[in-house]
Structure formats: structure tokens, C-alpha cells
Amino acid sequence: MPRIRETVSEGRTDTTLRAAYRVCRRTTRTQYPETYALIRLLPPVLHPACWAVWAAVNALDDLVDDRDAAAAERTARAESWIAALEADLASGTSTDPIRHALVDTAAQWHVDLSALRDGMLVMRDDVQRSFDDWAQWRVWSRGHVVPTFDLLRSLLGRAGVPVVVRLDRQASYERFLDGTRLVESLTDLAADLDDGHRLLLPREILEQFPGAWDDLRQRRWSTATAALVAELTGIARRWVAQPGLTDGMHPGIAIAVDAAADLLLAQLDAVEAAGSALLHSEARPSRATRARIFVPARIRSALAWSLTPVTVPPTRRRPTATEPRSTARPAPGTTTFNPPPRHPSGCRPPQIAPEAMPTHVAIVMDGNGRWAEQRGLSRSEGHRAGVAALHEMVHGALEISLPHLTVYGFSTENWRRDTEEVEGIMSTLRKALDDDPFRDLYVHLRWSGRPEKLPTDLVESLRHKETTTRTRTGLTCTLCFNYGGRDEITRAATALARAVKAGDLDPDFIGEDDFARHLALADLPDVDLLWRTGGERRTSNFLPWHATYAELHFTSDYWPDVDRRDLWRAVIEYSHRHRRHGSTRPAPTSTTDQ
């Protein structure tokens, strides 16, 4: 067992903290032995932090899965636990041993727990969750699993062991995580059935096996039930067995990932061998099987880490009671968000009737370079000025409660521009992400585009922002960067072809909904209003699928010259248009006050 560090507080050794880490270790070892074995394959200095993270995640999971409590009570308990964690993060300590260790882990390793908290919010909602199709299930699955893995990657990076994520393997990583969650659902099948009607599987797969759902609820191992389990097991095997998954990774990390994959496949073997017993108890690999996986992995990982210099960051000084809180950033995981700043002129947003409001506004932010050239500046200066205009649009969208704002930042065709300008655009985006101007706003920042050709650190930052803001639903701001509409459609067609080849879809029954589910952002709603600045009157390969019926709005001002009032004027004009969507009868006109 690695030595748990001693924390000094007011000149005293914090024995309570050491005891808290021991609670996390004991909880992980006794309740989740497979996870405990996987943690032991990581650098020993990280073991206490991993125990704290895993114990915290599963403490909340236990509250959600408590079958002795009503659904509403479970949700309330989960809410209370998450709120307590937020308060503990703000104070830097906790009376709960698991939260105490987690708070210390965040401080010691300088990691942001907001993404983990977002994953906890996904877990909280598991009490009454259901899915229509695999697309919805995947969103939930990744919301469940990705935050924990992202935090683990952050911890490894802080220890000086960055986890290299190959951009050409991104789909494989995501599918592997989906497989992890599906194996867990199969393993926990009996527990989910004990929880009444809850079954965390999409209706899409259940409907393929008529009668299987009713048989499951009655704990009846029928032909339909056996066929459903066999199908799910086969899907999980394909998702877990991803060739080349660990290519390019540090040997120690590769050993841990390979062991995790072997463990998941062994769990699937146990599920298949269980038969009807699967409906009454968990199917777990035998002790001998676990030893076969982990004993050699422990030997190899010990050698790998012995040859790897691993560091512990210095303890971060906590603010004293006399330091003003206003100078500090919000505590990680806080749910308190600020309203957007007022426009400098003091103007107030228009009052637009809800039925007249668009759901989704998309903007081609055109004219940055020409704006700069008119002023004798470099084109890169124009792109930097354009970032300020984007801030204005986000503030204006929040003020009128616009649900979705999507902006075109860089197209797949923009690589043809001068190298200096392209590098300037990348640098501008990198700085904007580092500054995190929306950190106190209720904004979910998303990214759509290809990772290929983009700098790795930029891709990591975009994905990190998307993960850490996923539960903010005031405004979803999607940045299309290295994006092309035809490319998006081509990739969706490729994904459809793979689904047909795998037997997941019948090509004779593919409809528009099937195609839409295979787009990069399957849940992005259709565009209601598409606005382009800069005087040009074309859509330039921007959201061709989503903008088929969009109302078009063109203005001559260059992008850096616009502000939120221009957005409001565009929305007001939209509210007066009659949208037919192919019908001969216009939609009712709504009145708008300014």
C-alpha cells in the first residue's frame, strides 16, 4: 500500500485526512475488487487519489440505487450529497470521510472536479431515466463514464505521465467506453430488475425481441430473453475489443487499459455462462480468472512505473480568511452562475413572445480579415476582435433565453489560407479557451468538426470544455471549427454503412431519422435562423442538413462590428416571418415588443 501523504494544518498532522483515505481504500477494495486491482496498475503515488474518486462516485451511485427508498427520496438524497460536495469544495474540508478525501485530492493534484460533478448529475437522474434509441443511450453512457476517465487522465498528467490520445483513434476510445458501460448494465441486470421497471437499455434494442421485456420483468428466462442477452453481449464484445486501442500510450497505461479490456471480456464470458442465473444475481469472473489477468499485469506495470519518473505537485496554499473571496475563481462544481454583463449602452433585451422565438440561431461570422485590412492591421488582429463579438452574441443570446447558438469559426476549406493567418486563428482560439470567458455563465460549449490537422492540445481543450460544461443548459453554444457540411454528411453516410455492415440497420428501412442519428451532433436541433455578416449572400457549406428550412438573414457589417443588438434585430425580424415548411398555410403571426 502506498504511503498516504500527511497533511499539515495549523502545524498539526491531519490524522483525520489519513483516516478518510483509508475509508476510501477499504470501500474500493471490499466493494469493487476488480476496480481496486485496476487502480493498483497505476503509479502508486496516485492510488489514494483514485480510491477517493472511485469511492465518491460509488457513494452517490449507492444512494441512487437504494431500493429501500422511493425514487423521489433517492433523487433528493443524491441532490443533497452533491450540494454537500460543492460546499465542501468551497470550504476545503468535509465531515464526510469520502468527500474529505476527494476535496483533498482536488487540492493536492490541482484538478477541477466540475466534470466529475457533472457525471454525478447524470447518475442522479438515473432513477427515472429511459432511452428511445442507442443515440440517447450513448449520450447518457458517456456522461456517466467520460468524466471519471477524464479526471483520471488529469491526475496522470499532473503526475507527469500524460495520456496520449490519438486523434485517429477517437471513435475507438469512445466505443470502448460505451462497451464498458454496456458490460456494467449486463452485469447489473438483476439489480436493475430488483429496482422495479428500470432497465438502462434503449427501447430500440428491446423492441427487436418481442416479449423479452415482459419476460425480464417476471424473471423468466425465455427464448426472447436469451436472444436479447446474446445480442447485447455480442454488441459489448465488439465495442470492447478495439484493435490498436493502446497504440502510442505509455507502457504502464497500456498495461492498465489492456487489463481493463481483458476484465470486461471475462465479465462477458461470465454473463454468457450464467444463463438464467443472470436474472437473479451478478455474473462476475472467478477469482482464478482475475488472477490470470492481474498477476502478470502487476509485474509488468511495476517494472514500467519503476522506469518512469512520477512527480507530486506541491501542495497549493489555501486562501486565508483575510483574503477577499472576490479575487478567487468559483469553487469547482459550483452551480451558481452569473447573469451576462449588460450592454455598455445600458439597452435592455427585447421582450419576444416564446412562440415567436427561434430555438436555434446559426451564424457565419464573416468579415474579420477585411475588418482588419481596412484598419491597416493584420488579419489575425481581425480574428482576435471577432472573439469579442462572439462574447457579445453569447451575452445577448442568454438575455433573450435563446436555447441554441451555433457559430462558424473555421471551415475545412480555410486551410487554404495563408499559413500565418491559420496559425493566428489557432492561437486566438487557444487563448480564448484558456481565458474561459464563459466560466461563470450558464453556457454549454460544444464543438463540431474534424480533429484531424488540428493541434492536439487544441482538440483536448475543446473536448475538455465540452465535458466540463455539459450540464449547463441556459444556452448551448456550438463552435463549428475545422467543420465542413459535406464532410459531416459524408461521415454520417460512412457511419450508416458501418451500421448496416454490422447488422445494426436494415438498408431497406433507413429513414431521415436514422441518418440524423449518425451525424456528429445527433441532438442538435434544426436551424431556424441562419445569419451571415460581411455582405456575402451564401451559406458556404455550413450546416446543410440542419439548415434545410432555415430562414436566411444577411447583413453587410463585418463581424467585429456587430454586437448583441444585431442579434436581437435578427431575431425580431425572424419573429415576423411566416414559416410554412412546405405547407400552403402560414404559421400564426406572433406579436413582438421591443
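The values are calculated or read from the model by the stated rules, or taken from the named source; none is laboratory data. Not measured: the values here are computed from a predicted model. A quick note on method: Cβ atoms are made from the backbone with ideal geometry, for glycine too, and the neighbour counts reach across all protein chains shown.
Observations on the structure shown:
- The range 211-224 residues that are assigned by TED's automatic domain parsing to the domain that holds residue 275 and of a type in the set (Phe, Trp, Tyr), paired with ones that are buried (at least 16 other Cβ atoms within 10 Å of the Cβ) and part of a loop (DSSP other than H, G, I, E, B) (beta carbon under 8 Å, 6 or more apart): 213/199
- For the range 500-520, filtered to residues that are touching an Asp or Glu at 6+ places or on another chain (Cβ under 8 Å) and farther than 24 Å from residue 542 by Cβ, the residue that is surrounded by the most Cβ atoms within 10 Å (Cβ to Cβ) is 505.
- Consider the range 451-471 and keep the residues that are modelled with pLDDT under 85, touching a Phe, Trp or Tyr at 6+ places or on another chain (Cβ under 8 Å) and surrounded by fewer than 19 Cβ atoms within 10 Å (Cβ to Cβ). The one that is farthest from residue 339 (Cα to Cα) is 463.
- Given (1) surrounded by fewer than 21 Cβ atoms within 10 Å (Cβ to Cβ); (2) touching a Pro at 6+ places or on another chain (Cβ under 8 Å), index of the condition residue 80 fails: (2)
- Restricting attention to the range 422-449, the residues that are over 17 Å from the mean Cα position of the chain (by Cα), of a type outside the set (A, V, I, L, M, F, W, C) and surrounded by 18 or more Cβ atoms within 10 Å (Cβ to Cβ) add up to 2.
- In the range 463-576, counting only helices (runs of 4 or more DSSP H) that sit wholly within it, the ones holding 2 or more residues that are in contact (Cβ under 8 Å) with a residue 60 or more places away in the chain span 485-501, 564-575.
- Criterion: outside the structural domain of residue 235 (by TED's automatic domain parsing) and surrounded by fewer than 19 Cβ atoms within 10 Å (Cβ to Cβ) - qualifying residue of 110, 100: 110
- Filtering 233, 225 for residues that are of a type in the set (S, T, N, Q), crowded, with 20+ Cβ neighbours inside 10 Å and part of a helix (DSSP H, G or I) leaves a single hit, 225.
- Summed over the range 464-508, the residues that are of a type in the set (D, E, K, R) and under 26 Å from residue 412 (Cα atoms) give a count of 8.
- Residues in the range 61-93 that are without any contact (Cβ under 8 Å) to a residue 24 or more places away in the chain and either outside the structural domain of residue 24 (by TED's automatic domain parsing) or part of a loop (DSSP other than H, G, I, E, B) (or both) were compared, and the one that is farthest from the chain's Cα centre (by Cα) is 68.
- Looking at 67, 99, just one residue is of a type in the set (D, E, K, R), in contact with a Leu (Cβ under 6 Å, 6 or more places away or on another chain) and farther than 30 Å from residue 521 by Cα, and that residue is 99.
- The listed residues are 334, 327, and the only one of them that is under 30 Å from residue 109 (Cβ atoms), surrounded by fewer than 11 Cβ atoms within 10 Å (Cβ to Cβ), modelled with pLDDT under 90 and β-branched (Val, Ile, Thr) turns out to be 327.
- Residues of the range 3-40 satisfying the condition of being at pLDDT below 85 and either loosely packed, with under 14 Cβ neighbours inside 10 Å or part of a helix (DSSP H, G or I) (or both): 3, 6, 8, 9, 10, 11, 12, 13
- Cβ pairs under 7 Å, 6+ apart, first in the range 251-262 and crowded, with 18+ Cβ neighbours inside 10 Å, second among the basic types (Lys, Arg) and in a helix (DSSP H, G or I): 255/300
- The range 22-68, residues that are under 21 Å from residue 255 (Cβ atoms) and basic (Lys, Arg): 29, 40
- Members of the range 523-555 found to be acidic (Asp, Glu) and crowded, with 19+ Cβ neighbours inside 10 Å, listed by number: 528
- Test: residue in the range 556-571 that is polar (S, T, N, Q), in contact with a helix residue (DSSP H, G or I) (Cβ under 8 Å, 6 or more places away or on another chain) and surrounded by fewer than 20 Cβ atoms within 10 Å (Cβ to Cβ): no
- Only one of the numbered conditions (1) surrounded by 15 or more Cβ atoms within 10 Å (Cβ to Cβ); (2) under 30 Å from residue 208 (Cα atoms); (3) not charged (D, E, K, R) is violated by residue 497, and that is (1).
- Residue match in the range 399-416 (condition: touching a Pro at 6+ places or on another chain (Cβ under 6 Å), buried (at least 16 other Cβ atoms within 10 Å of the Cβ), in contact (Cβ under 8 Å) with a residue 24 or more places away in the chain and not in a strand (DSSP E or B)): yes
- Members of the range 427-462 that are in a strand (DSSP E or B) and touching a residue at least 60 places away in the same chain (Cβ under 8 Å): 446, 448
- Taken together, the residues in the range 260-289 that are in contact with an Asp or Glu (Cβ under 9 Å, 6 or more places away or on another chain) and not in a helix (DSSP H, G or I) amount to 4.
- Residue in the range 41-60 that is part of a helix (DSSP H, G or I), modelled with pLDDT under 85 and more than 30 Å from residue 300 (Cβ to Cβ) present: no
- The selection criterion, being closer than 25 Å to residue 18 by Cβ and basic (Lys, Arg), holds for residue 99.
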